[in-house]
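Structure record follows, encoded as structure tokens.
The values are calculated or read from the model by the stated rules, or taken from the named source; none is laboratory data. Everything numeric here is computed off the predicted structure, so don't read it as measured data. Cβ placement follows ideal geometry from the backbone for every residue including glycine, while neighbour counts extend to all protein chains displayed. The protein model used for the area step is the full one, side chains on, heavy atoms only, and it has no ligands, DNA or RNA in it. Shrake-Rupley method; radii C 1.70, N 1.55, O 1.52, S 1.80 Å.
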Amino acid sequence: MQSAAKEEADPEKNQGRYNLRRRKDDGDVKEAEAKSELQEERVEKVPAAPAAPAPTPLDFGGKIGAFFWMLFLPAWVLFLVLHVDQKDPSLSNFPPALPSLETFWDPQALVFVVLWILFQALLYILPVGKLSDGVLLRSGKRLKYRTNGFFAIVVSAAVVAAAVYQEVDLTYIHSHFLQLTTASFLISMMLSIYLYFRSRSTGPDERALGGNSGNVIYDFFKGRELNPRIKEFDLKFFCEMRPGLIGWCLINFAMALAEMKQQNLDAPSCSMILVNIFQLIYVVDGLWNEEAILTTMDLMHDGFGYMLAFGDLVWVPFTYTLQARYLVSHPKPLSLPLLATIIILKIVGFYIFRKSNSEKNAFRRNPSDPRLSHLKTIPTATGKSLLVSGWWRVVRHPNYLGDLIMALAWSLPCGFSHLLPWYYMIYFIILLVHRDSRDMSECRRKYGSAWDEYCRTVRYRIIPCVY
Ligand code: NDP
């Protein structure tokens, strides 16, 4: 490892190592990787000495930026929630008038949100489904995760169907949207405070490199502890994949019912069906391939704090449902050619998204899998290699490209009368471009000259030929 680090520091001498080659043709690299895997194995058995984590540069505008985002994000959600309720949610009517303070609060809504989270927690702890291995941590440990998300959404769907059959009025979710949002915000805030205080008793190896600046506000926002757990219950993994994500589908479904009620329809409109099905596919796919989240930035690198807790419990369920909410009171008929275009876009986006995420996930999980031996890679001094095959040869972050194409297919059914349903698309471009730059600097820090070689080989970022 030491000699590898030396080589890394000497890119000239190192130049020959970063050739693109098919891995099965390259005995040396395979041998080097096998060695490094053996090293990893060894690390797992012998507890590593606690190393002081190297500080990473502050993100999101640093300390002042973190403070700004903490205030701005909930205010923005609130404005969106109120704005979409207006008869004419055009830009000229933004921001919407604020209702009286008591309108925000409904104890019953809080009870419903708590019950929903507890119900999802119960499904999560049931001994059903696979126990998957997480990535190797700095401490040399590997955590186990119960990946039974698909089971959770199937049971949740059955419970929702039973509730509808029993004539439970799910349009409550539409009529109490603001109160449900406030309740979820309160829960995410309480969770973030808990997470920050418990992170104070963690060792350096248990902290995320990015959320360990020493500034209370920044660390509270960014998240300090990498994998906070109560016994085997992984708080970050649970919040990332369950209450918000499955809640997103439940809210969309409730919006379809609200549309039928409000527009006096026997069935939801075609646009509403498309938005519901497309987003359901996205969530079900995420839960079916739940293991893949273990190799994403959120799980591997980001600490669990306000940014993710708010994102998982408030941002995802209450802003990603904007298109369905918009359609409740702004019906959009679709022409056949537009319908066909939207469906094709969704299929293409989904294909790129799924294929690229699966390629990277399979490679990161087991780089020596014989089924992956045809892949071209660039070795790095850390022992890990970078993929330069399949979609990862076309652009950096092809998974973001697929996601963006799908986002376009989700907005198109809402038409062009207002900018509001396009909000997700605009936000997502900003999110992914920023996420991409965050990842670029993190990877440059980790992989040094090997990363530069990767960037020379794969020139474009997210969108081929443009960025
Ligand atoms: P990635 O899954 O792409 O993870 C980035 C990590 O992958 C890097 O830090 C690096 O980690 C590794 N990596 C990067 N390039 C390569 C390469 N060439 N070969 C091998 N490994 C590489 O990004 P995200 O975690 O941001 O996103 C995962 C998915 O989630 C995406 O599809 C994204 O669109 C989606 N997403 C959706 C959001 C939503 O709100 N709908 C929000 C955020 C993401 P290392 O080298 O350390 O393994």
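Specify the angular offset, from 0 to 90 degrees and rounded to the nearest 10, of the alpha carbon long axis of helix 107-125 from the longest principal axis of the alpha carbons in the chain.
40 degrees
Is the shape of region 239-284 rounded, prolate or oblate, going by the alpha carbon gyration tensor and its root eigenvalues a ≥ b ≥ c, with a/c under 1.5 for rounded and a/b larger than b/c for prolate?
On the way: a/c = 4.59, a/b = 1.99, b/c = 2.31.
Taking the square roots of the gyration eigenvalues as a ≥ b ≥ c, region 239-284 is oblate.
Mind checking the dipole of the chain: about its Cα centre, +1 per Lys or Arg Cβ, -1 per Asp or Glu Cβ, Debye to the nearest 20?
On the way: 50 positive and 44 negative charges, 237 e Å.
The dipole magnitude comes to about 1140 debye.
Ranked highest first by average number of other Cβ atoms within 10 Å, how do 101-107, 441-447 line up? Provide the component values of the computation, followed by the final result.
Values: 101-107: 11.4, 441-447: 16.1.
Per-residue Cβ counts within 10 Å, averaged per peptide and sorted highest first, yield 441-447, 101-107.
Compare the peptides 300-311, 336-347 by average per-residue count of other Cβ atoms within 10 angstrom and give them in order, highest first. Intermediate values should be presented prior to the final figure.
Details: 300-311: 23.9, 336-347: 14.1.
Ranking, from highest mean packing down: 300-311, 336-347.
What does the C-alpha gyration tensor say about the overall shape of region 276-361? Classify as rounded when a/c is under 1.5, otherwise prolate if a/b is larger than b/c, or oblate.
Working: a/c = 3.29, a/b = 1.39, b/c = 2.37.
Oblate shape, in that a/c is at least 1.5 and b/c is the bigger or equal ratio.
For the chain, with the dipole built from +1 on Lys and Arg beta-carbon atoms and -1 on Asp and Glu ones, taken about the Cα centre, which of Gly65, Pro99, Gln179 lies farthest toward the positive end?
It is Gly65.
With no solvent and one point per C-alpha, what does the Debye sum give as log10 I(q)/I(0) for region 330-462 at q = 0.12, 0.17 Å⁻¹?
-0.57, -0.93
Bin width 10 Å, origin at 0, all Cα-Cα pairs of region 77-216: what percent of pairs per bin?
9, 23, 29, 25, 13, 1
Give me, ordered by chain and number, the residues 5 or more places off Arg207 or on other chains with an amide H under 5 Å from its own placed amide H.
Those qualifying (amide H under 5 Å, at least 5 residues apart or on another chain) are Leu226.
Per residue, how much accessible area does region 240-340 have with a 1.4 Å probe, in Å²? Please list the in-between numbers first.
Values: 3150 Å² over 101 residues.
Normalised by residue count, the accessible surface of region 240-340 is 31 Å².
Express in whole angstrom the spacing between the alpha-carbon centres of region 105-120 and region 266-296.
So the two Cα centres are separated by 23 Å.
Mind checking the angle between helix 149-165 and the chain's longest principal axis? C-alpha axes, 0 to 90 degrees, to the nearest 10.
Here the helix axis deviates by roughly 10 degrees.
Could you check the simple spin-label distance between Leu71 and Met440, using points 7 Å along Cα→Cβ, in nm with one decimal?
3.1 nm
Using only alpha carbon positions, build the gyration tensor of the chain, then give the equivalent ellipsoid semi-axes as the square roots of 5 times its eigenvalues, largest first, whole angstrom. Don't skip to the end; give the middle numbers.
Details: eigenvalues 318, 132, 91 Å².
Gyration-tensor ellipsoid for the chain: 40, 26, 21 Å.
Quick one: helix 62-83 against the long Cα principal axis of the chain, what's the angle to the nearest 10°, folded into 0 to 90?
Rounded to the nearest ten degrees, it is 30.
Can you give the convex hull volume of the alpha carbon atoms of region 191-346 per residue, in Å³?
Values: hull volume 21.5 nm³, N = 156.
Dividing the Cα hull volume of region 191-346 by its residue count gives 138 Å³.
How large is the Rg to Rh ratio of region 336-395 when both quantities use alpha carbon positions and Rh follows Kirkwood?
Values: Rg = 15.5 Å, Rh = 13.2 Å.
Result: Rg/Rh = 1.17.
Loop-only chymotrypsin sites (Phe, Trp or Tyr not before Pro) in region 363-436, please: DSSP not H, G, I, E or B, and at most 15 other Cβ atoms within 10 Å.
Numbers: sites: Phe363, Trp391, Trp392, Tyr400, Trp410, Phe416, Trp422, Tyr423, Tyr424, Tyr427, Phe428; in loops: Phe416.
Here the sparse-neighbourhood loop sites are Phe416.
Keeping the other protein chains in place, figure out the carbon and sulfur percent of the accessible area of region 317-454, with a 1.4 Å probe.
The nonpolar share, carbon plus sulfur, comes to 69 percent.
At 0.36 nm per residue, and after removing the present C-alpha to C-alpha distance, how many nm does the segment from Glu291 to Leu118 gain when stretched out fully?
Stretched out fully, the Glu291 to Leu118 stretch lengthens by 60.1 nm.
What FRET efficiency would be calculated for the residue pair Ile463, Asp88, taking the C-beta separation as r and a Förster radius of 41 Å, to the nearest 0.05?
The formula returns an efficiency of 0.75 here.
Starting from 0.36 nm per residue, how many nanometres of slack lie between Gln262 and Tyr165 once their C-alpha separation is accounted for? Please report the intermediate quantities before stating the final value.
Details: separation 97, 0.36 × 97 = 34.92 nm, distance 2.00 nm.
Full extension of this stretch gives 32.9 nm more.
Tell me, how many Å apart are the Cα centres for region 347-385 and for region 390-467?
Comparing the Cα centres of region 347-385 and region 390-467, I get a distance of 18 Å.
Students often get this wrong: which residues of region 175-205 have the backbone nitrogen under 12 Å from the point 7 angstrom along Cα-to-C-beta of Ser417?
none
Using amide H atoms built in the peptide plane, which far-off residues or other-chain residues are under 5 Å from Thr377 H to H?
Arg21, Arg23, Val388
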